[in-house]
Every structure is written in structure tokens, then in C-alpha cells.
1. Given the options T197, T230, T215, name the one that is open to solvent by 20 Å² or more (accessible area, probe 1.4 Å), in contact with a Pro (Cβ under 9 Å, 6 or more places away or on another chain) and among the β-branched types (V, I, T).
2. Which condition breaks for L286 when tested against (1) hydrophobic (A, V, I, L, M, F, W, C); (2) modelled with pLDDT of 85 or more; (3) over 30 Å from G367 (Cα atoms)?
3. Can you pull out every residue in the range 243-298 that is farther than 30 Å from L154 by Cβ and among the small types (G, A, S)?
4. Report, by residue number, each residue of the range 55-68 that is part of a strand (DSSP E or B) and closer than 18 Å to L444 by Cα.
5. May I ask you to list pairs of residues, at least six apart or on different chains, whose Cβ atoms are under 9 Å apart, with the first in the range 481-492 being among the polar types (S, T, N, Q) and the second being at pLDDT 90 or above and open to solvent by 80 Å² or more (accessible area, probe 1.4 Å)?
6. Give the residue, chosen from V439, V391, V399, V421, that is assigned to a loop (DSSP other than H, G, I, E, B) and either open to solvent by less than 50 Å² (accessible area, probe 1.4 Å) or within 22 Å of P60 (Cβ to Cβ) (or both).
7. Name every residue in the range 248-259 that is open to solvent by 10 Å² or more (accessible area, probe 1.4 Å) and touching a residue at least 60 places away in the same chain (Cβ under 8 Å), in order of residue number.
8. What are the pairs with Cβ atoms under 9 angstrom where one residue, in the range 325-339, is exposed (fewer than 15 other Cβ atoms within 10 Å of the Cβ) and the other, located anywhere, is assigned to a helix (DSSP H, G or I) and charged (D, E, K, R)? Sequence gap at least six, or different chains.
Amino acid sequence: MKKLKTFRKPKYLIPGLLILGVVIFLLMNTGRNQNTGIETRGLERTNVEQVITETGVVEPAQEVNLSFASSGRIFDIQVREGSAVEVGDLLMSFESSVEKSEVSSASAQVRAAQDALAETKSGAREVDAETTRAQVSSAQTAVDNAEESLDNTLENQDQLVKAARENFLSNDLQAYLTSGGKESGDDSHTPPTISGTYSGEESGSYTIELYQSGTQSGYSFRYSGLENGTAPVSSTRPVPLGQDGLYIEFPEDFVYTFGIEWTVPVPNTRSNTYQQKKNAYNSAVLTREKTVEQAEASLRTAEAQLEEALAQQEKTLAKATEAELSSSEASLAQARAALQRAEKSLTDADLTAPFSGVIEDISVSVGEVVSPGSRVATLFSEGRNIITVNVPEADIAFVEVGDEAEITFDAYDGVAVPAKVFSVAPTAKNVEGVTVVEVELEILDSEVNIKPGLSADVEIFTERREGVFAVPARAVISRDGETFVRVIESGSPKSIENIKLLSVETGLRGSDGMVEIKSGLSGSEEVVTFLEENLRSRVEEIEREE
């Protein structure tokens, strides 16, 4: 077997390494004395941009709260939340039988006025007996229809008002403990349950007192206030609370402490929905007044037309006078105006989309009565979005309409979307103690699915210089109102003896810290960007001597 050779370190290895280290140390220190501590940068042409960075939230370019121009009961809803609609699409409508009847009646009045004017122009003061009989018959039919419509309107509206009042008075009725115990404490005082529909004429309250009796439960209750009487306590079924439609049922473990007393307010003003039900009742009353008034007006109009038709029969054949012609023309104008009002009322019964977009936040349902101007849904434009940012007053002087911008979103990492400034507010405002000006940017076409509500980072490019000389801001020196930079001619050693101080004219200061040099440099120089403290002191001393 061969023996392995043993490796032995040369005796000169360690001393040699020490000598090499000393040589390297000396060389490094010698170079440091000559060019270490001086940093330079070659001068080259580049782009300098001034960018204002802010944050904002995507908003639709158009957003409107939709409402009806008049009060009424919702008859039909054609859309759902999220539905895309086109301008003019029907969204919702009121029950409009009365309005349609008025349009039909007004149209008939216009035709009759046109016929009367034509007869007047032809010189006939008395029309054919058959024609006059037809006119009188038509006018009488219109009166009969108007009377029937008024009766139906009164009956229907009275029922709606009654239902709204009962709903208001019976809403969320509850019994509240007024004496005989505490509502909060160690003992449970579960109130009795109030149900039914209150049909009484008066509002007020019931006071309920418990007392022992020979009933199955061993107790009865005495009620007073809106009604007076007594009844047995039951925890298994509701028992009548008076004669006006209400019922009361006590819990299985009802409190029977002596002197216990409950109160039931009608309506329940403590309920969270009290104001809503009250508004609905008031709206029903107002709607009845308006609807009945319209029906009465239609009846008066029909009766007036009947009187005119009867008077027409009494006229004799003669040439129309100028006054009669003017009267006929005025009657036609009045009839047309009445038709326009009736058509406007019918149009108000339909809610249409004012622009194309998407429906959201529908707040009503079929059968609900709404008031004029109350919001029923929201419509916002789709596809065109804006972002509003607050620019500090120190930067607003640089921002102009038309400035290009770039937007990035937290939702789309690495995706930049183009935009432009399309609006700068004419006045400033104070936001959390900072004076800012509101700037709106329009997001340009993009393949990214941008949705309202997304947060975004906005960069507004307010100014740009392309292909100019630029140096870092730390290389620019200001003295006695002048601007300088220190340079070393390209190819010269980096030493303080080769540093020159040149006067320059600066331009745009970029957001990245670069400053445009408009004049003073040829482009062949190396710009000094950093000097160690001891070298800078020596350079400044040399510059002062020069």
C-alpha cells in the first residue's frame, strides 16, 4: 500500500502575505489622497419632469339621485340594482289612470275647439241640428264620466288614507312599564305583546293595571285611557284590548307584583319607524287632496263644456264677427294649454333615465307612496370615470387643464392608466388645516376594468424638458444671487487642483432631484456631485482666493 503524502506549509507563506497586505494598504492610501473623496458625474442629455403626486378615489363622471316630480303610489319598477339603462328608458311609474283620463278628456277638448274655430271661420253661427245634438250628447257623456271618476277617486283615496292611518297608529305598538317595577334590574319584566290593527278615531294611550281575580290565570287587567274596561290575563292567546281592534297577550312568566302598570302609546312615538309611518300617512293625505282636486277640476271642465254645447244650439246662422273669431282662437289656445298640463302630469307619473348608466341603491318598492323630490334610486354613468385630488396651494400654480397624468391602483399592481386634468377649482378650501385646491382628472380609455370606489395614486406631469443637460440638485451652488456648479474637465485626474467653479443658468427642477442646466456647460465636463468635508473646505478656500 502506498503512503499518502503529507502537505506542509512553506515557511515563507505567512510573512509573504503580511508584506502583500502592507503594499496594498500603501497603494490604497496613496490613491485616496489623490482622488478619493471626490465624486463626479458625466454630463449627458436627459429628460427632466416635474411631477405632483397625490391620492384619490375613482368616482363616476355622472351621478344623480332620481326622484319623481309629484307624489304618488309606485305602480311598477322596471329595473333592479345593477341594471344597465339607456337614456330615456322607463325605470318606474305611478298608478296613472286619473292622468290618462285627463289627457283623453283634454284631447277631446282640443278637437272640439278646433272644430269650433273652423266653423267660426266658415261663417256659420249655427251648425246642423244633428251636429249640435252630437256635441251636447258628447258633453253630457263627459260630465257623467267625470262624476263617476270623482266618486271612484273619493272612495279609493279614502281607503288609502284609512289604510295609511291604521298602519301609522298600529305600527310597532308596545307596552312600556310605568310603575310597579323597574325596566332594568335583576327581575325580568317582559312586557305583554300588543297585536292587531287599531281602528279607533282618537290617538292617545292605554293604561293597563293588573289585579288578582278568579280567572284561569288568577289575574285580570283593567285598561283606561283610549277605552275603559277589564279583561282576563292570558298567556296562551291574545285577548281583546277594548273594542278598537287591538289584542294583548301576556308572557308565561308575567309580572304580577301588586300595583304593576303598563302604558301602550297609540301611535308609538318611541318606535324607530314612527317618523317613517307618520310621513307615509301625511303623504297619503296630501295625495288624496291633490287627486280629488284634479277629479273635481275635470268635472267642472266637463260641466262647462256641456253648458257651451247647450248654448251653441241656441245660436242662429250668421257670419262670424271678429270678436267671435278671437274668442274661438282663445278657446283653442286654452284647450291646448290644458292638454299640455294633462300630458305633463302623465309624464310626471313615469320616471325615465336622464342619461345612460347603471342603477344602484333602489330605496322604494311597489305600492309605496313617495313624495315629490324624495330619492327613489341612484343612477351613475358607466365607462367614464374621474378622480378628484386635493393639490396643496404650494403646487397648484404648476397645474393646468390638459396636463397629462398617470394613475396606478392598489387593485391592479403594476398597471398604469393614462389620464388628464380637465378641471381645476376656482377657489381653494381648507382640509384638516391644509389649504388645497380641488383638481379633477378624467381617466382615459383603458383595458383595465376600473370601478368607482377604487383607491388610486395619481401623478400629474405639470412640466417636462426633453433632451436637456441636467445635474443632481446637490451639485448646484448658490452664492450672492448667482448659480454655479463645480466641474473637472473630462479625462483630467480627480483632484482639487483640477476643480473649476462655473457660472450656470438653471431651469426646471425635476421631481426626481435633477435640475436643468440651460447654459454655462459645454457637455464635456465631469460635474462634481460630492466632496468630503476636508476637501470641500480646501476647495472653497481656493475659490475665495481666486
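1. Numbers: T197 fails: in contact with a Pro (Cβ under 9 Å, 6 or more places away or on another chain); T230 fails: in contact with a Pro (Cβ under 9 Å, 6 or more places away or on another chain).
Among T197, T230, T215, only T215 is open to solvent by 20 Å² or more (accessible area, probe 1.4 Å), in contact with a Pro (Cβ under 9 Å, 6 or more places away or on another chain) and among the β-branched types (V, I, T).
2. (3)
3. Those that are farther than 30 Å from L154 by Cβ and among the small types (G, A, S): G259, S271.
4. T55, G56, V57, V58, E59, P60
5. T483/E505
6. So the residue among V439, V391, V399, V421 that is assigned to a loop (DSSP other than H, G, I, E, B) and either open to solvent by less than 50 Å² (accessible area, probe 1.4 Å) or within 22 Å of P60 (Cβ to Cβ) (or both) is V399.
7. P251, D253, F254, V255, T257, F258, G259
8. L325/K121
The values are calculated or read from the model by the stated rules, or taken from the named source; none is laboratory data. Please read these numbers as outputs of a predicted model, since none were measured by experiment. Cβ sites come from the backbone with ideal geometry, for glycine too, and all protein chains shown count toward neighbours. We work out accessible area using only protein heavy atoms, side chains counted, and drop any ligands, DNA or RNA first. Shrake-Rupley method; radii C 1.70, N 1.55, O 1.52, S 1.80 Å.
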